[in-house]
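Just so you know, all these numbers are worked out from the coordinates, no wet-lab data involved. Keep in mind that what you see is a predicted model, and the values were worked out from it rather than measured. When we count neighbours, we look across all protein chains shown, and the Cβ atoms used for this are built from the backbone with ideal geometry, even at glycine.
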Amino acid sequence: MPNVTPNAVILGAGPAGIACALEASKMGFRPIILEKRSEYAVGRVQQVILDRQVLTQLEQFQIHSELWQEGRVFSQDNRGNCTVRLADLEQKMRSKLNIPITYEDFVEKVSADSEKVDLHLSTGKVIKCVDVIINAEGYKSSTNKLLSNRRIEVLKEETVVNSILQDDRPAITSVQTFCVATGKTMRNIAYSIYDHVRYLFLLIFTGEHFFSKSRQIALAITLKTPGQHQVSFAFTQKKTAALRHLQEEVRAGRASQKSLDNMLHFWTRMAQCEVNIFACLAAIGRLFGVNEPRFVTSSHIPIRSSTIVQIRSDKVAKSAFTINKTLVLNTGDALSAVDPSTGLGCNTGIDLARHIGYALSDLQWCSPSQIALEYSAVSDVLIERNHAIARNIRQLVGIS
């Protein structure tokens, strides 16, 4: 295909999809970008950790420095990794894009009757003779299902209670805000003491604690940004079954959503107390040479919302492949879902954007099947790295 600029379609306008579009634009390509969500969709308040390599990659578009100057990037550790809210990251990445995004549109049908694939969209339009399909839709990718590209479980699926904690204390700018912040801090301390007393009561008098003999609870991840913390807990099988049962009762209309919210809030608080106590015990044990898992002391600011989610560690059967002469590349969660305990959710998708940019350039000279093999080799290394980290974390806390 010498001297022919390939046409590419990017499915999904999350961080992985936009990173691909930015890399493609840098190399002179103008891909079509489709996003199933509305342009004004809300949500995605969770935080993500970005490693140094990804931050360096984003900085070529001044994304990292501008987020830092605006106070929306927060230092996570001494390795140079940072935490950022997903919504802030997406907004900044999209602001750097000079290619329009088509919202509320997605692929409904893929036809391969000719030399190259045609994409039939939900709006009735047809994109004919596509050279490259870059699938960044997410782990529920409808396009992967259309192409019969099945997902393979790498680690056992776990049920997790994910909570967003909102710090409602104002920034101290005056005597009045100082008094308000101090009052709310005292309130939080009082609630924290009360919660710890409740936890100790349950532990001593009812034996209602989370750590089974196989330690089937772990603080999966704690991400902190000013004003907002995100915590995720994996509970014992008994407690998980109770939460799932109540969730099904709510869906069937036999219980209220408020009862589920109250239960989620209560057990999240109890789990936080347990982590705090075991963190103290572990620290004391290390003074005497006892090496236990290093638990993270969790926050006790008010809970904004709690939800039951499934954490997945899987991958698609085919990272890259061809349909006739059309090249299909998967990236982001459409390629592989990673256990959130690794904190690497967005990193693989953004990192692979560089290689997708190279693939677009190479397609002018190399065969699609050759590029598919090269991309698969690169993506397989990143996927295995992520799952190896997740395996180590699960072994550390006793979850198989």
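Could you compute the longest span of the chain free of chymotrypsin sites (Phe, Trp or Tyr not before Pro) located in DSSP loops and having at most 16 other Cβ atoms within 10 Å, not counting the site residues? For chymotrypsin sites (Phe, Trp or Tyr not before Pro) (loop position, at most 16 other Cβ atoms within 10 Å), the longest site-free span of the chain is 41-210. Loop-located GluC sites (Glu not before Pro) in the stretch 99-180 (DSSP state not H, G, I, E or B) with no more than 13 neighbouring Cβ atoms inside 10 Å: GLU104, GLU115. Across the stretch 173-189, rounded Karplus estimates of 3J(HN,Hα) from the backbone phi angles (6.51 cos²θ - 1.76 cosθ + 1.60, θ = phi - 60°) give 10, 7, 4, 5, 5, 4, 5, 5, 5, 5, x, 6, 5, 4, 4, 4, 5 Hz, Gly and Pro being marked x.
Quick query: amide H of GLN228 versus all other amide H atoms, modeled in the peptide plane; which residues come in under 5 Å with a sequence gap of 5 or more or a different chain? Those qualifying (amide H under 5 Å, at least 5 residues apart or on another chain) are ASP167. A simple count of charges around THR268, restricted to other residues whose Cβ falls under 13 Å of its Cβ and scoring Lys, Arg +1 and Asp, Glu -1, yields +1. Positive-end ranking of VAL175, GLY332, LEU22 along the dipole of the chain, with charges on Cβ about the Cα centre, is headed by VAL175. In the elastic network of the chain, a GNM with C-alpha springs shorter than 10 Å, the most mobile of ALA234, ALA372, ALA320 is ALA372.
The lysines whose alpha-carbon is closer than 29 Å to the alpha-carbon of LYS318, local same-chain residues fewer than 8 away aside, are LYS26, LYS36, LYS109, LYS116, LYS125, LYS128, LYS140, LYS145, LYS156. Each Lys or Arg adds one and each Asp or Glu subtracts one; over the other residues with Cβ under 15 Å from the Cβ of ARG254, this totals +1. Remark: HIS245, HIS387 ranked as HIS245, HIS387, counting other beta-carbon atoms within 10 Å and listing the fewest first.
Roughly how many debye, to the nearest 20, is the charge dipole of the chain about its Cα centre, given +1 on each Lys and Arg Cβ, -1 on each Asp and Glu Cβ, and no other charges? Walk me through the numbers on the way to the answer.
Working: 46 positive and 38 negative charges, 175 e Å.
Around 840 debye, computed over the chain.
The value of relative contact order for the chain, using C-alpha pairs under 8 Å at least six residues apart, is 24 percent.
If you rank ASP168, ASP314, ASP113 by fewest surrounding Cβ atoms within 10 Å, what's the result?
Values: ASP168 13, ASP314 19, ASP113 7.
Starting with the residue having the fewest Cβ neighbours, the order is ASP113, ASP168, ASP314.
Applying both filters, DSSP loop and at most 15 other Cβ atoms within 10 Å, to the GluC sites (Glu not before Pro) of the stretch 15-71 gives GLU39, GLU70.
Could you run the Debye sum over the Cα atoms of the chain, one equal point scatterer each and no solvent, and tell me log10 of I(q)/I(0) at q = 0.07, 0.08, 0.10 Å⁻¹, two decimals? Log10 I(q)/I(0), no solvent term: -0.38, -0.50, -0.75. Of the trypsin sites (Lys or Arg not before Pro) in the stretch 65-114, the ones in a loop by DSSP (not H, G, I, E or B) with at most 14 other beta carbons within 10 Å are ARG79. Counted over the chain, the DSSP beta bridges are approximately 75% antiparallel.
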